[in-house]
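The values are calculated or read from the model by the stated rules, or taken from the named source; none is laboratory data. Source: prediction; values computed, not measured. Methodologically, a virtual Cβ is constructed for each residue, glycine included, from the backbone with ideal geometry; neighbour enumeration extends over all protein chains shown. The accessibility values were calculated without ligands, DNA or RNA, using every heavy atom of the protein model including side chains. Shrake-Rupley method; radii C 1.70, N 1.55, O 1.52, S 1.80 Å.
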Amino acid sequence: MSCIFCKIANKEIPSDCVYETENIIAFRDLNPQAPVHILIVPKIHIDSMNDINSENSAVISEIFETVNKIAEQEDIKDSGYRVISNCGEDGCQSVQHLHFHLVGGRKLSETLS
Ligand code: 5GP
Ligand code: ZN
């Protein structure tokens, strides 16, 4: 399996991990766009948002239950943050393993584009 986030989840390559359970891992982005930039990733390989379904959505629930815990841990819960998942070519998804960017620690742009 050549997927970089599968390798991170399996500890085949290192990451700056900030949170982990049996099902999910969260680690700092290699190329941060803000003071806090964390990627929250299901350990099972899911290509993108397009592939979420009733069979695998429990892990997505776990990710969203975890966002505020990581935000608290990173001290951005009160100041605010953004959660983003890029999908496909127009969404500029560059890693084909579903992931959610948790970005904060500064005032973010008002536009989403
Ligand atoms: P995307 O563009 O697919 O939404 O986001 C992929 C993100 O993964 C990018 O922000 C990029 O910096 C990050 N990234 C790519 N390879 C690695 C890696 O090996 N380790 C870490 N920590 N982040 C990575
Ligand atoms: Zn993968």
Once Rh for the chain is found with the Kirkwood sum over Cα pairs, what is the Stokes-Einstein diffusion coefficient at 25 °C and 0.890 mPa s, in µm²/s? 170 µm²/s
What order do you get for 2-11, 81-90 when each peptide is scored by the mean count of other beta carbon atoms within 10 Å, highest first? 2-11, 81-90
So if each residue of separation counts as 0.36 nm, and I subtract the Cα-Cα distance between Glu72 and Arg106, what length gain in nm does that give? 10.7 nm
Grab the DSSP H runs of the chain that are 4 residues or longer, score each as -39,500 (n - 2.57), total them, divide by all residues and round the 222 nm result to the nearest 500 deg cm²/dmol. -6000 deg cm²/dmol
Partnerless cysteines (no other Cys beta carbon under 4.7 Å) identified across the chain are Cys17, Cys87, Cys92
How large is the accessible surface per residue of the chain, computed with a 1.4 Å probe and reported in Å² as a whole number? 61 Å²
Hey, can you rank 12-19, 70-77 by average C-beta count inside 10 Å, highest first? 70-77, 12-19
Of the accessible area of region 40-79, with the probe set at 1.4 angstrom, what percent is carbon plus sulfur? 42 percent
